[in-house]
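Read the figures in this text as sums done on the coordinates, not as results from a lab. Keep in mind that this is a model prediction, so the values were computed, not measured. Backbone-built Cβ (ideal geometry, glycine too); neighbour counts: all protein chains shown.
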Amino acid sequence: MVLLFAAVSPPARALDSRQLGIVVNTRDALSVEIGKYYAARRGIPFQNVIRIGFAPGRAVLAADEFAALKVSADEQTLPHIQAYALTWAAPYRVECMSITSAFAFGFDPAYCAEDCRATRQSPYFNSLARLPFTQLNIRPTMAIAALSLEEAKALIDRGVQSDGSRPAGAAYLLSTSDSARSVRGASYPLAQKIPGARARVLEQDALKDAKDVLFYFIGKDRVEGLDTLRFVPGAIADHLTSFGGQLTDSSQMSALRWLEAGATGSYGTVVEPCNLPEKFPHPALAIGNYLAGDTLIEAYWKSVAMPGQGIFVGEPLAAPFRRKGH
């Protein structure tokens, strides 16, 4: 019943452009251009643009280097800012943490894990908090991650296009022959109970030729058939595997492939998480909160209990089910 709260409760006021800070790497030309385009498309005030500088192109930042960058970002962040949007694909990691979690919580080894152990849980998980920084002292963070300005613009445009569109898309929940990566299958029946979810639980290794994809959750190291799908603007899609969050150099399928295929948000882990479901999005929570009017960043962050090793990518303010005045 707690998990289904979002599906049966009235929508809360979602985050908006005035509450989002854009973090730009001034030494990365692509990051700067993504930041400019996003601020213009979303009408984000210039006071919300946070400028830091570091050598681009690396997959990993050291904790001490990140700490100095975080101090600089915090000093520029106005108190009303509730969440961050990063404007790069690399670095995607701060030592053992994802860079989105490091910006949200600060670097903290408690959000990492050796072997197959659990990590510290996010206070934002399954939360009713409307203002995560004001109420919980964290700023959920998402990377507008792309390898070219064209891909970034397409991603941002999909997010803007999705706002208030109330698309008639479906949720595809796949349990595959890869049983170790299909551990989220136990939660799929909860998603089927959410009004309006149109959740379809399938036992197959890939989805092909669907033209109404709003949600797609699967467990595989590589996902076939993406080029046959049509994602509606605002779609969320991810695959449970070890290294999907290694955006630019993964030995498995990078979460960027979802965005390039037309999804508006995705998620992946940056270091080996083992297959603990708590380290990946809970489909029913992501679906329920999104359908209730949350932005993409809110719905996705609320769905992961232990996000320290996972990176959130996409267009943070996409809100297909936002109502007027919310």
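Given points 7 Å out from each Cα along the Cα-Cβ axis, report the Leu136 to Phe46 separation in nanometres with one decimal.
Going by the 7 Å Cα→Cβ label model, 3.3 nm.
Please compute the modelled spin-label separation between Thr248 and Asp16, points set 7 Å along Cα→Cβ, answer in nm with one decimal.
3.6
In terms of the ratio Rg/(2.2 N^0.38 Å) built on C-alpha atoms, what value belongs to the chain? Don't jump to the answer; show the numbers that get you there.
On the way: Rg = 17.7 Å, N = 326, 2.2 N^0.38 = 19.8 Å.
This ratio for the chain stands at 0.89.
Based on the mean of other Cβ atoms within 10 Å per residue, sort peptides 237-249, 219-231, 92-104, 272-284 so the most packed one is first. If you can, show how the numbers build up before the last one.
Working: 237-249: 24.1, 219-231: 17.5, 92-104: 26.4, 272-284: 21.1.
Listed from highest to lowest mean packing, they are 92-104, 237-249, 272-284, 219-231.
In region 259-302, whose amide N lies under 14 Å from the spot 7 Å out along Cα-to-Cβ of Arg230? List them in ranges.
262
At 7 Å along the Cα-to-beta-carbon direction for both Arg58 and Asp212, put a label point, then send me their distance in nm to one decimal.
Between Arg58 and Asp212, the label points sit 4.8 nm apart.
Beyond 22 Å, what share of the Cα-Cα pairs of region 5-142 remains, rounded to the nearest whole percent? Walk me through the intermediate numbers first.
Numbers: 3861 of 9453 pairs.
Considering region 5-142, 41 percent of its Cα-Cα pairs are separated by more than 22 Å.
Take Leu296, Leu202 and order them by how many other Cβ atoms sit within 10 Å, fewest up front. All intermediate terms of the calculation are to be shown ahead of the outcome.
Numbers: Leu296 28, Leu202 14.
Neighbour counts put them in this order, fewest first: Leu202, Leu296.
Taking the Cα atoms of region 198-273, report the difference between the largest and smallest coordinate on each principal axis, in whole Å and largest first.
32, 25, 19
What are the lysines whose alpha-carbon lies under 24 Å from the alpha-carbon of Lys220, with same-chain residues fewer than 8 places away excluded?
Filter leaves Lys208, Lys211, Lys279, Lys302.
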